[in-house]
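As structure tokens, the structure follows; a few thoughts come after it.
Please treat every number below as a calculation from the coordinates, not as lab data. Quick caveat, the model's predicted, so the values are computed rather than measured. Neighbour counts run over all protein chains shown; Cβ positions are idealised from the backbone, glycine included.
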Amino acid sequence: MDTAAPTLAAGLEALARDGLLRRRRVLETAQGSRVVVDGRSLANFSSNDYLGLANHPALRKAAKAAIDAYGVGAGASPLVSGHLAPHAAAEARFAAFAGLPRAVLFPSGYAANLGAIVALVDRHGEVFGDRLNHACLHDGARLSQARYTRYPHGDVAALSRALEASTAAVKLVATDAVFSMDGDVAPLEATLALCERHGAWLLVDDAHGIGVLGAQGRGTLDHLRLRSPRILYMATLGKALGGYGAFVAGEPDAMDWLVNRARTLIYSTALPPMAAAAATAALALLEGADSPLPALLANIAAFRAACRDAGVALGESATAIQPLVLGTPERAVSASLALQEAGFLVPAIRPPTVPPGTSRLRISISAAHEPRDLLALAAALAKASA
Ligand SMILES: *Cc1c(COP(=O)(O)O)cnc(C)c1O
């Protein structure tokens with residue numbers, strides 16, 4: 001007898017009752033600042049494509065050239081025979097871009113965090129993580145079977161006490177550099193000082209800082225001028241850089257260790273070479289005269305100013321992620337629906353992605369937005385959140 005089905009049905013009903021049932025909408029166009037959903041064109045404030053690179057001509061050209069030279073698949077995991085010339089080139093280019101000794105490609109940011117944490121700590125170790133860290137840092141900590149201590153968001157004093165109390169042989173502190181639902185920057189300088197004092201690794205997840213913060217978008221470590229052999233720096237390719245995949249960068253020994261021990265790298269097919277080529281093209285664009293970063297920074301400033309003028313109380317954020325906390329899931333969902341009616345795609349973010357009581361609209365600003373889209377959204381937000 002099938003006992004799972006009634007249980008799942010009940011579970012789905014409960015989700016629906018609590019306003020937490022999710023569905024995937026189909027985009028009928030490429031990702032971009034305007035998209036078509038259900039046959040309707042919407043101004044898109046929902047993607048992580050902060051620089052408008054997901055459908056950029058330079059990246060498309062690089063990916064097509066890589067397809068012609070290397071095909072569509074890597075054909076093997078990196079240690080077997082799936083590490084092709086475009087992968088090696090992208091790793092070298094990223095290490096230089098981030099100003100770190102070496103970099104290693106992973107299939108995704110999720111896989112990078114899981115792989116790095118499990119490779120570095122085992123059940124004799126301890127992992128310390130900010131409460132608002134991305135889900136994959138939590139999952140990596142759990143999978144490692146290490147003791148796992150979560151500290152209140154941004155609370156360096158609590159982290160200090162926890163490190164002080166720890167007797168673990170290997171310690172690893174994991175934190176988002178830019179928090180994905182609030183857009184605020186972690187207190188990395190103080191966190192690194194603690195890691196150095198306690199001989200802990202610091203895994204910095206810069207999914208939302210790479211391409212956005214630092215000179216030419218070199219990321220949050222560059223922005224804060226932080227360097228240390230204790231740092232493992234993780235940056236994804238799926239957000240500002242417009243493609244797919246992730247890098248972990250750091251000291252040569254740490255990188256060799258990951259290549260030998262990170263199970264998500266060893267037991268998974270390498271990225272399609274075109275994804276590596278697109279990454280290299282994105283970095284070249286950021287370092288060149290046609291970088292889209294100045295437009296992104298101008299749009300963030302213009303949007304915040306327009307919201308201030310319209311009386312919309314955004315959370316404090318200098319990054320592309322602009323949160324408007326509304327409280328209950330119902331409020332966030334109804335505001336999101338009202339915005340969609342008005343022609344804007346702005347996602348409602350609910351538990352478990354954010355803590356209960358902090359359901360919100362998560363507004364993502366892109367270099368590709370037109371100034372008039374930003375002004376119109378600020379006006380629509382004032383109405384929808386009133
Ligand atoms: C998106 C994200 C990831 C996962 O990266 P993918 O490449 O999409 O798997 C990891 N950490 C943070 C903070 C993220 O926002």
Cα gyration tensor shape for region 105-209, rounded if a/c is under 1.5, else prolate or oblate: oblate
Volume in Å³ per residue [convex hull over Cα atoms, computed for region 241-386]: 167
Whole-Å distance, taken between Cα centres, linking region 256-284 and region 183-220: 21
Spin-label pair residue 38/residue 337, simplified geometry with 7 Å Cα→Cβ offset, distance in nm: 1.0
For the chain, built as a Gaussian network whose Cα springs stay under 10 Å, the top-fluctuating residue of 45, 97, 179: 97
Pairwise label distance in nanometres, residue 370 with residue 122, each label 7 Å out on the Cα-Cβ vector: 5.9
Residue-span extension gain [residue 287 to residue 30] - 0.36 nm each, minus C-alpha spacing: 90.0 nm
Rg/Rh (Cα only; Kirkwood hydrodynamic radius) as it applies to region 262-328: 1.20
Taking N as its residue count, the alpha carbon Rg of region 80-129 over 2.2 N^0.38 Å: 1.39
Residues in region 107-138 that a label on residue 79 would reach, taking backbone N under 20 Å of a point 7 Å out along Cα→Cβ: 107-123
Among 51-58, 137-144, the order from most to least packed when residues are scored by Cβ within 10 Å on average: 137-144, 51-58
Inverse of mean 1/r across different Cα pairs in region 318-358, Kirkwood, Å: 10.8
Relative packing of peptides 218-231, 21-34 - highest average C-beta neighbours within 10 Å first: 218-231, 21-34
Over the chain: helical MRE at 222 nm, DSSP H runs n ≥ 4 each giving -39500 (n - 2.57), nearest 500: -13000 deg cm²/dmol
Prolate/oblate/rounded label for region 1-130 (Cα gyration tensor, a/c 1.5): oblate
Rounded, prolate or oblate (a/c below 1.5 giving rounded, otherwise prolate when a/b exceeds b/c) for region 37-106 by Cα gyration tensor: prolate
For region 226-283, convex hull volume per residue from C-alpha positions, Å³: 96
Per-q log10 I(q)/I(0), the chain, q = 0.06, 0.09, 0.14 Å⁻¹ (Debye; single scatterer per alpha-carbon; no solvent): -0.24, -0.55, -1.28
24 Å tail of the calculated P(r), region 176-335, as % of Cα pairs: 45
